[in-house]
Amino acid sequence: AAQVERLLDELLRPSQTQAPMAYAPADAPLPTDEPALVVMPLASNEGGRQLAESLTKELIEQLSRTRQLRVLAARTGGALAAVDAQTIARHLDVRYVVQGELRLQQDQFSITLSVVDAADDSVRFSDVFAGPLMAVFSLHAKAAAQIAKALCVGMAPTATMPAIPIKAVHAYFD
C-alpha cells in the first residue's frame, strides 16, 4: 500500500511548468456528492500510442462541455494501470474513473470504454466502439454523450459537423 501511495504521489505531482494539483490525502473519504471524474489515458496496442493520446484528449474535451461535471485528466497512465479505481479516485478527489483501451488491427479500430464508480467499485457505463480506422475521430462525441447520460448529466449542445473521414489517420501511429 505504501508503495502504491508513493507511486501515485510521483505520477500525479505537478511538473515544474504546471500549476499545483490538489488531491485528497489517502485517508480521505471518497467523494460522493459531486459528479467529478478523471479520464485515464487510453491503453493501446503497439503502434497506437499517439492515436490513443489524441482520442483521450478529444474525450476529455467533449466531457468538459457540461457544467454539471468536473473533468480531470491524468497526465500519465502507464504505471497507474495496476492501481485500482478507488485509489485513483481518492487521490484525485473524484467519484468516477474513465478507463479504456484502443486496439488497432489493419484498417479497423476497437475502443473499449468503462466508467467505474469509485464509491462502490461498480461499473456505471461500459461499451465498445468499433469501425473503420478512417472514422475513428467521429466517435468521441458519441462516447462522451453516452458517458454523460449514464452519469445523469447533460451535455452542452455542440455544433454538428459532417463526418469527414481522416485520410491521414496513419500519421497518428507510432
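The values are calculated or read from the model by the stated rules, or taken from the named source; none is laboratory data. The structure presented is a predicted model; accordingly, all values stated were derived computationally and were not measured. A quick note on method: Cβ atoms are made from the backbone with ideal geometry, for glycine too, and the neighbour counts reach across all protein chains shown. What goes into the accessible areas is simple: the full protein's heavy atoms, side chains included, and nothing from ligands, DNA or RNA. Shrake-Rupley method; radii C 1.70, N 1.55, O 1.52, S 1.80 Å.
Numbers at a glance
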| read-out | value |
| --- | --- |
| Gain in span if fully extended, residue 107 to residue 135, counting 0.36 nm per residue against the direct Cα distance | 9.1 nm |
| Using a Förster distance of 25 Å, the FRET efficiency for residue 149-residue 61 (Cβ separation, nearest 0.05) | 0.90 |
| With all protein chains modelled, accessible area of residue 127 [1.4 Å, Å²] | 50 Å² |
| Amide H partners (placed H, <5 Å) of residue 36, local residues excluded | 70, 95, 96 |
| Computed Rg/Rh of segment 40-113, alpha carbon atoms with Kirkwood Rh | 0.98 |
